[in-house]
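One structure is given here, and the rest of the page talks about it.
The values are calculated or read from the model by the stated rules, or taken from the named source; none is laboratory data. Bear in mind that the values here come from a model prediction, so they are computed numbers and not experimental data. Cβ sites come from the backbone with ideal geometry, for glycine too, and all protein chains shown count toward neighbours. Just so you know, the surface numbers come from the protein's heavy atoms only, side chains and all, with ligands and any DNA or RNA stripped out. Shrake-Rupley method; radii C 1.70, N 1.55, O 1.52, S 1.80 Å.
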Amino acid sequence: MDDRQEQGRAGVLRLGLRVNDAAVAVALWFLAAIRIPTIRDVWAKHAFFGSAFAAVAFTMYIPGVYEGVDRLLGGGNRVGLVLSELVIASLWQIYVSLRLATAERGEDIPPDTLMSISLSRMCWLVCASTMFLTSFFWDAPESTRWLISVYGAQLPLLVFQVAAISFIAGISVSAVAICWPRRQEFGGLFRAGFAAVVVGFGSAGVIVGGRLVGNFLPVGSQLKYLVESSYELGQQIVILLVSTGLSLPRLTVVAMSATASVKSLVLVRRLLPTWSRVVARCGTASLGARRDSLFSRYRWNVLARLQRRVTEIRDAYAVSDTAKCFLSSEELQLLEQAETLLYGTLNKNEVTE
């Protein structure tokens, strides 16, 4: 009975870890997806790549995915190397995004910012190269995502960890040094985002340092289990904090855009009878004279369609006989609501991402 209970508890724990891993991966994919529109913006694209690299890494960290990809790569926990390289690349991209977010905006990136980014790129390349070279000397035959817990005491993997920890610690200190003096310069979600980045990077150095110390603790000890469990959860929290912190302004833009689109869709539908009547009676040319189909209302940008309809109704009303194109008070009120929505959306979209 005790054995069955123990197996049941272990099964619940494994299920919880899988759900937790999958939730983190989904959250990171979402943060990457909302950044896709900024992929061509030199000032903002690095936040997308940071979230995308982290999303791929934590997708690979899901046990079934880890084992499957490792088999494709020939075994020996090579997927652990790929995963770790992606995490390092993600943190570097997030750091670059942070540098650019706090730089003075202009036609060109400031020289001091470029120099800092170049230095961080050199450190990342050294770290990534060291991690890659150590992989040739691993002796980790059993495929397990707890690579460091099982084989971390080997010298090549110790060098691997020291390289990663040194890079993460350096990036973390630099990120906190960037954010802390500027914590009073921003308000609202920008301040909350900077606070999340500071907490995330500030925690990263402590977490990875504890992970290195854990290699030398007695196998099976309560302290070793506590360190490894804390690292398991801590690395997920750090990535989510720094990714979400940089994405908070973008999340606001996405939320406002979605809300405005829903309101616009409702107004387009409510204005349709008025638009059809005005176009039919006044005989004025419209930008889209055919009646909207269900497909077309969703196919095109609803804000743009709303603006077109409002413009067409106003133009027809202005140049035609007032009696023929009479607008009721309810119709005028709908037009005012649409114009207010369009004006407010235009101003809100000027928020810096």
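Worth a mention:
- Ordering of 194-201, 159-166 by packing [mean C-beta count within 10 Å, highest first]: 194-201, 159-166
- In this label model, Leu133 and Ser230 are separated by 3.3 nm, measuring between points 7 Å along each Cα→Cβ vector.
- Sorting the segments 31-37, 271-277 by their mean number of nearby beta carbons within 10 angstrom, highest to lowest, gives 31-37, 271-277.
- Translational diffusion of region 165-265 was estimated from the Stokes-Einstein equation, with Rh taken as the Kirkwood radius over Cα pairs; at 4 °C and 1.567 mPa s the coefficient is 84 µm²/s.
- Kirkwood-type radius of region 120-167, with distances r between different C-alpha atoms, in Å: 11.1
- Using C-alpha pairs under 8 Å with a sequence gap of at least 6, the mean separation divided by the residue count of region 187-242 gives a relative contact order of 51 percent.
- Segments 231-241, 331-341 sorted - mean Cβ within 10 Å per residue, highest first: 231-241, 331-341
- Carbon/sulfur fraction of accessible area - region 136-207, other protein chains in place, 1.4 Å, %: 70
- In this structure region 129-243 gives 50 Å² per residue of accessible area when probed at 1.4 Å with all protein chains present.
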